[in-house]
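The values are calculated or read from the model by the stated rules, or taken from the named source; none is laboratory data. Computed from a predicted model, the values in this text were never measured in an experiment. Quick reminder, even Gly has a Cβ in these numbers, built from the backbone with ideal geometry, and neighbours come from all protein chains shown. Each accessible area value is taken on the protein alone, full model and side chains, heavy atoms only, with ligands, DNA and RNA left out. Shrake-Rupley method; radii C 1.70, N 1.55, O 1.52, S 1.80 Å.
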Number of protein chains: 2
Amino acid sequence: MLRPTEFSLIDTIALLSRTPAAVNALLSGLPEIWARSNEGNDTWSAFDIVGHLICGERTDWMPRVRLILETGEARPFEPFDRFAQIKENEGKSLEELLNEFGRVRTENLVSLRLLNLQKEDLARQGKHPAFGTVTLAQLLATWAVHDLTHMHQISRVMAYQYREAVGPWSAYLGVLQCDGHSAS
Amino acid sequence: MLRPTEFSLIDTIALLSRTPAAVNALLSGLPEIWARSNEGNDTWSAFDIVGHLICGERTDWMPRVRLILETGEARPFEPFDRFAQIKENEGKSLEELLNEFGRVRTENLVSLRLLNLQKEDLARQGKHPAFGTVTLAQLLATWAVHDLTHMHQISRVMAYQYREAVGPWSAYLGVLQCDGHSAS
């Protein structure tokens, strides 16, 4: 087993700053069958997922960073509304969402850098509404892995559309065996 | 359950043409902890996965397309060597691999378009060494879903590096529950 990597602010920002361009390169101009199809019922399409990433930028990550720095554990975070984007993005185009994600992420990373966080800041604690004490470093690491979990989901949702088109190859394609692990 | 999407050559090429830019936007210039770390033992890093995608371009997808068109089921495909890239890419930089993947993919899509495949061509059959008869449409769909399976894998391998850094949030991050489904 490989040793887990310790949190690094520079490495985390390196990842966070690349996600919008990666998602944009994959999805921009892509036919609707890839971008607007989901996995059935109330699941999300790639379009919905980009909307969810925008919501996180607006209401979750930086507001929680500021809450930890300003009040510590005194006030728990607002719960993340995982369905807010469904209403908000009705009628918008995928290109609009992709541009918006790039814009709000850039703004948030500017704000994050301006905080000039030091090692001792990263150990500061806040209160998560479901599982209690967390550190600022854990919050920032989660921001990055949340990007990865949704890139993982986008690739799975897109692959799902071709689950029959690939014929017998489906047995070889790991993404088609992925059930989302009950957590997107 | 959503109806599966029927194979479309245009939609497949739309996806195939975007993968190199998406992988490049995510990985280019990224610190080594993200790009060169794997999931332990003989698993693959993002670097190794890009190497594997290049191998597929060289030895798998278009050679198999041509074999179907030229000989049908008379001769089975060469098995895909899933480990060829490990030796081949020693000493290369990630940037070299990313550029190479973009180049070989572009060349292959030019060749694919020049074939000017018609509906009846897409139904032509070839022979897979493990599971027998497959169609040209299934091969092309698999090429696209193979891209997605490896984007799914890249996001998982990267997330794995922060599996402890995220603290209690790991329960909420689907990508950290993904075991690769025995097929990357």
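Take the alpha carbon atoms of region A:63-102, find their center, do the same for region B:1-75, and report the distance between the two centers in whole angstrom. That distance is 33 Å. With the simple model of a label 7 Å out from the Cα in the direction of the Cβ, B:Thr71 to A:Glu78 spans 6.4 nm. The heavy atoms of A:Glu95 present about 70 square angstrom of accessible area, all protein chains included, probe 1.4 Å. The long axis of helix B:9-27 is offset from the longest Cα principal axis of chain B by roughly 30 degrees. When +1 charges are put on Lys and Arg Cβ atoms and -1 charges on Asp and Glu Cβ atoms, the dipole computed for the protein assembly as shown relative to its Cα centre reaches about 40 debye.
Note that chain B shows a convex hull volume over its alpha carbon atoms of 141 Å³ per residue.
Once you place label points 7 Å from the Cα toward the Cβ at B:Thr59 and B:Lys87, how far apart are they in nm? Distance between label points: 0.9 nm.
Surface composition of chain B: carbon and sulfur make up 50 percent of the accessible area, probe 1.4 Å. Under a Gaussian network description of chain B, with springs only between Cα atoms under 10 Å, the residue in B:Glu100, B:Glu90, B:Glu73 that fluctuates furthest is B:Glu90. Shown are B:Lys127, B:Lys87, A:Lys119, whose ranking by accessible area with a 1.4 Å probe and every protein chain present, most to least, is A:Lys119, B:Lys87, B:Lys127. Counting only alpha carbon atoms, the long axis of helix B:94-114 and the longest principal axis of chain B meet at about 20°. Placing +1 on the Cβ of every Lys and Arg and -1 on the Cβ of every Asp and Glu, with no other charges, gives chain A a dipole of roughly 380 debye about its Cα centre.
The residues B:Tyr160, A:Tyr162, B:Tyr172, sorted by heavy-atom accessible surface at 1.4 Å with ligands and nucleic acids left out, run B:Tyr172, B:Tyr160, A:Tyr162 from largest to smallest.
In the context of the full protein assembly, A:Cys55 retains an accessible surface of approximately 10 Å², using a probe radius of 1.4 Å and ignoring ligands and nucleic acids.
Is the shape of region B:60-120 best called rounded, prolate or oblate, per the rule: a/c under 1.5 gives rounded, else a/b larger than b/c gives prolate, else oblate, with a ≥ b ≥ c the square roots of the Cα gyration tensor eigenvalues? Before the final figure, lay out the partial values.
On the way: a/c = 4.89, a/b = 1.58, b/c = 3.09.
Cα axes put region B:60-120 in the oblate bin.
Counting Lys and Arg as +1 and Asp and Glu as -1, each charge on the Cβ, what is the dipole of region A:32-87 about the Cα centre in debye, to the nearest 20? Dipole about the Cα centre, nearest 20: 140 debye.
Give me the 1.4 Å probe accessible area per residue for chain A, excluding ligands and nucleic acids, in Å².
Accessible area per residue, chain A: 43 Å².
Here region A:87-184 is treated as a Stokes sphere of Kirkwood radius computed over C-alpha pairs; at 37 °C and 0.692 mPa s its diffusion coefficient rounds to 193 µm²/s.
Two numbers describe the Cα atoms of region B:39-80: Rg and Dmax, which are 14.0, 42 Å. Summed over both chains, the accessible area lost when B and A associate is about 5900 Å², using a 1.4 Å probe.
On C-alpha positions alone, give me the angle between the axis of helix B:136-160 and the longest principal axis of chain B, in degrees, nearest 10. The angle comes out at about 0 degrees. Each 10 Å bin from 0 upward holds the following percent of the Cα-Cα pairs of region B:43-144: 14, 43, 30, 12, 0. For the protein assembly as shown, the alpha carbon convex hull comes to 134 Å³ per residue, rounded to a whole number. Computed with a 1.4 Å probe over protein heavy atoms only, the accessible area of B:Arg124 comes to about 90 Å². Work out the FRET efficiency for A:Ile10 and B:Asp179 from their Cβ-Cβ distance, taking R0 = 30 Å, and round it to the nearest 0.05. The computed FRET efficiency comes out at 0.50.
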